1. Quick one: in region 190-292, what % of C-alpha pairs are over 17 Å apart?
2. If each of GLU213 and SER182 carries a label point 7 Å out from its Cα toward its Cβ, how far apart are those two points in nm?
3. Can you give the Rg and Dmax of region 58-158 based on its C-alpha atoms, in angstrom?
4. Say the dipole of region 160-240 comes from +1 at the beta carbon of Lys and Arg and -1 at that of Asp and Glu; which of LEU195, ALA227, ALA172 then lies farthest toward its positive end?
5. For region 190-292, give the magnitude of the charge dipole about the Cα centre (Cβ charges: +1 Lys/Arg, -1 Asp/Glu; no others), in debye to the nearest 20.
6. For helix 28-42, what angle does its Cα long axis make with the longest principal axis of the chain, in degrees from 0 to 90 and rounded to 10?
7. Treating only the Cβ of Lys, Arg, Asp and Glu as charged (+1, +1, -1, -1), what charge dipole size does the chain show about its Cα centre? Round to the nearest 20 debye.
8. Could you give the angle, 0 to 90 degrees to the nearest 10, between helix 48-63's Cα long axis and the longest principal axis of the Cα atoms of the chain?
Amino acid sequence: MRTLLLMAVIATWSVEPISAAEPDGMSRPSVRDATFKELSDGLSKRGQRAISARHELGYWYKESKWDCFNSPIRQPVKTKDGKAAELIFLAAPAMSMPGTDFSMAFLLVDKCVVDWACCWTYNRTANQELLLEDVDGDGFSDVAFRASAGCWGLLDERQRSRPGDKRKWLYAFAVTATGFQSLFPSTDRDLKVKLAYDTADEPVVLQVKGFPESLREQQMVECTLSATNTSSKGVPIKPAEWFRVEVDKAGYFMTYGPQDNRTVLSPGETVSQSVFLVVEATEQDITMRWKFVPNR
């Protein structure tokens with residue numbers, strides 16, 4: 001059985017031998033803001049993978065606001081095919097136990113975003129380090145998400161190793177001028193998701209919009225859940241707590257957009273919530289249940 005993801009990581013995040021020094025004349029917030037804008041401008045707006053990367057970059061930007069220990073790190077690198085390039089490493093470690101840790105690497109060639117990779121981990125089953133190191137012994141630096149034991153040990157089934165090498169990785173990529181090339185077979189799958197609704201016998205209609213037709217494991221997706229009052233009376237709701245999600249045969253991490261603080265859903269009125277999800281499943285076909293939580 002695959003070890004289920006999620007709910008957060010106190011992971012060490014480091015890069016060897018990269019310096020985390022900030023550019024001259026720029027404060028940490030300025031570096032953070034400038035990096036976010038540069039990468040946002042450089043990412044494509046087409047395709048689910050690029051859209052997921054935008055959500056993940058936004059998550060880092062939001063979560064790193066109060067993190068004074070993990071500034072963006074930039075490092076010039078020579079690709080495996082001899083091209084000058086640059087790597088940008090980002091981290092958003094969890095601030096709790098249990099919790100979910102996140103890190104992300106971007107590859108830039110000629111100042112253009114060429115590729116990216118990210119890693120989510122649950123701190124009870126794994127810790128992660130984002131490193132620049134030679135994984136396969138070919139003399140070139142690779143982007144590596146190194147794995148170590150979490151609170152319960154190293155139980156994440158994505159872990160990989162090489163013969164005669166005690167190191168373990170969740171992901172590792174060779175750096176080429178056209179993008180990252182995985183050094184290990186990927187275990188992440190495209191999931192088939194069935195949506196189901198539970199209104200708790202309340203006079204509301206639930207609807208999820210924007211959910212992708214195919215859900216890739218370990219990639220953040222966005223959707224919007226709405227509840228519409230179909231009765232002639234107001235329906236009391238819990239501010240920002242009017243729904244919950246259950247996923248069969250899967251673990252998940254969830255975060256939100258701006259939340260609605262109303263306490264009553266008036267007749268004909270609709271309340272909506274944007275939701276960001278990362279899923280890891282034990283089977284390819286899963287059911288996601290969206291449940292209305294009445295304020296009784």
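1. Numbers: 2691 of 5253 pairs.
Distances greater than 17 Å cover 51 percent of the Cα pairs.
2. According to this spin-label approximation, the distance is 2.2 nm.
3. In Å, with Rg to one decimal and Dmax whole: 14.7, 43.
4. Selected residue: ALA172.
5. In debye, rounded to 20, region 190-292 gives about 280.
6. 80
7. Working: 36 positive and 39 negative charges, 94 e Å.
My answer is approximately 460 debye.
8. 90
All of the numbers you see were taken from the coordinates with simple rules; none came from a lab. Remember, predicted model here, so these are calculated numbers, not experimental data. Cβ atoms come from the backbone with ideal geometry, glycine included; neighbour counts cover every protein chain shown.
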